[in-house]
Amino acid sequence: MFTKLARTKVFRDPIYGYIEVDYKIISDLIDSKEVQRLRRIRQLSGVAMVFQTAEHSRFPHSLGAYMMAKLVCQNVEGMNDISEYEKLIFQIAALLHDVGHGPYSHAFESVLGIFHEEMTTKIILSNQSEINQILNKNSENIAPDVANIIAHGGKYPLIEQFISSSLDVDRLDFLQRDAYFTGAVYGRVDFIRILRSMKIIDKKLLIRASGVNSIESYLMARYHMYFQVYYHPVARSYEYLLENIFKRIIDLKEEGKSLTNANYFFNVLKNKNDISSYIELDDAYVNGLIKQFCKSKDHILNTLSNAFIHRNLYECIDLSNEPSIETINEIKKSYNEEELKYYFVESKISGAAYFESKKSAINDIKILLLNGKIKSLEDYSPIIKGLITSSVRTIERIHYFKK
């Protein structure tokens, strides 16, 4: 049904050895400008300020998620009952799941109120994108079907679970990839063992009881990576600094100040459906803006921009250490009212190893027992039950400029 390449295309990769591409449509999507743009968006944003080798982009992660989807099709019992079309849109959804990310990802999203999943579906469905043109050239059904999967539209629930759940191809790739590039040994995952423990019955994903140890290890790796790497105070400081640069740019624009070099940014701020402007935004674009703003006549934007470029990050106070109210008030008093909005940040981060978001079927991992009965992972594994009750952590911090 779909054209295969005359010769398999391969990409060298530190996680899989080789990432293999068999279908022309996949090859064409990889070459599209929207996927190539991901080379210019760093995967871990501020984490590179702590782990200096964490310079990898979202492009190899997207290829890795695609390869993990391919491995699911090859190793998971029951995937032979899935049609060629469903396997293909599964692999395409895995490849494209991050195309909607903005520059520096989550810092950008939080300020502009843009969610990358929504932007991903818009890019896939927009006739302004090369992705949409490639998909439509092959079949008019692919673009809406892939968008439906990413948006959790319910048409392909099994594929949705593989794309976004507590145990999905996204996490199975980025935990290993991020561990490799940060040098963090606790992010390693025995992914082949996990895949071979999976079984599909009635289009529902189950894990054999014999594979529970590998799932426990995976969830522990995820827990440690979040709190030791992704939530590191220096990484968060860098991202809060970037958020406040974005906020200051927006505030100056609202005051009528001219910032002509930020036109693409303002186009998206004005119209979140402006796909052409959105895909022009990447880390290089933002870095160029901030470099120019280092000479801004606006004192706050100048200070924030120079701090960003020269890694003069916020100081951090962990509130679990119970600092005195007097200390915090003294810090606040060192700023005028306008500076306080940008130089002083109170943050609260919550996370867990399992069920990090609202508990629902898509987050629940089900275990298939030898007698054919099914249990939830938390009921089967005392380790996971302990994680659910003990791994929920809330980190409260204050980030501030030392004057």
Point to revise | The one condition in (1) crowded, with 17+ Cβ neighbours inside 10 Å; (2) in contact (Cβ under 8 Å) with a residue 24 or more places away in the chain; (3) in contact with a helix residue (DSSP H, G or I) (Cβ under 8 Å, 6 or more places away or on another chain); (4) of a type outside the set (V, I, T) that S197 fails to fulfil | key: (2)
Review point. Only one of (1) farther than 21 Å from E109 by Cα; (2) of a type in the set (K, R); (3) not in a loop (DSSP other than H, G, I, E, B) is not met by K253, so which one is it?
Key: (1)
Point to revise | Exclusive hit being among the aliphatic types (A, V, I, L, M) and in a loop (DSSP other than H, G, I, E, B), set V111, V99 | key: V99
Point to revise | Checklist (1) of a type outside the set (V, I, T); (2) modelled with pLDDT of 95 or more; (3) open to solvent by 60 Å² or more (accessible area, probe 1.4 Å) applied to A209, failing item | key: (3)
Check your understanding: Out of segment 25-44, which residues are over 23 Å from A143 (Cβ atoms) and open to solvent by less than 10 Å² (accessible area, probe 1.4 Å)?
Key -> none
Point to revise | The lone exception for D283 - which of (1) touching a strand residue (DSSP E or B) at 6+ places or on another chain (Cβ under 6 Å); (2) farther than 24 Å from V35 by Cβ it fails | key: (2)
Practice item. Output the number of the condition that G78 fails; it satisfies all remaining conditions of (1) more than 18 Å from A284 (Cβ to Cβ); (2) crowded, with 19+ Cβ neighbours inside 10 Å. Key: (2)
**Study point:** Of residues in segment 123-163 being open to solvent by less than 40 Å² (accessible area, probe 1.4 Å) and in a loop (DSSP other than H, G, I, E, B), the one nearest to A69 (Cα to Cα)
**Key:** Y156
Check your understanding: Does segment 385-393 contain at least one residue that is of a type in the set (V, I, T), open to solvent by 20 Å² or more (accessible area, probe 1.4 Å), at pLDDT below 90 and in a loop (DSSP other than H, G, I, E, B)?
Key -> yes
Review point. Yes or no: I19 of a type in the set (V, I, T) and within 17 Å of N132 (Cα to Cα)?
Key: no
**Study point:** Breaking point among (1) farther than 26 Å from N271 by Cβ; (2) polar (S, T, N, Q); (3) assigned to a loop (DSSP other than H, G, I, E, B), for N80
**Key:** (3)
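The values are calculated or read from the model by the stated rules, or taken from the named source; none is laboratory data. All figures in this text were calculated on a predicted structure; none of them were measured in a lab. Cβ coordinates were reconstructed from backbone atoms using ideal geometry, including for glycine residues, and neighbour counts include every protein chain displayed. We work out accessible area using only protein heavy atoms, side chains counted, and drop any ligands, DNA or RNA first. Shrake-Rupley method; radii C 1.70, N 1.55, O 1.52, S 1.80 Å.
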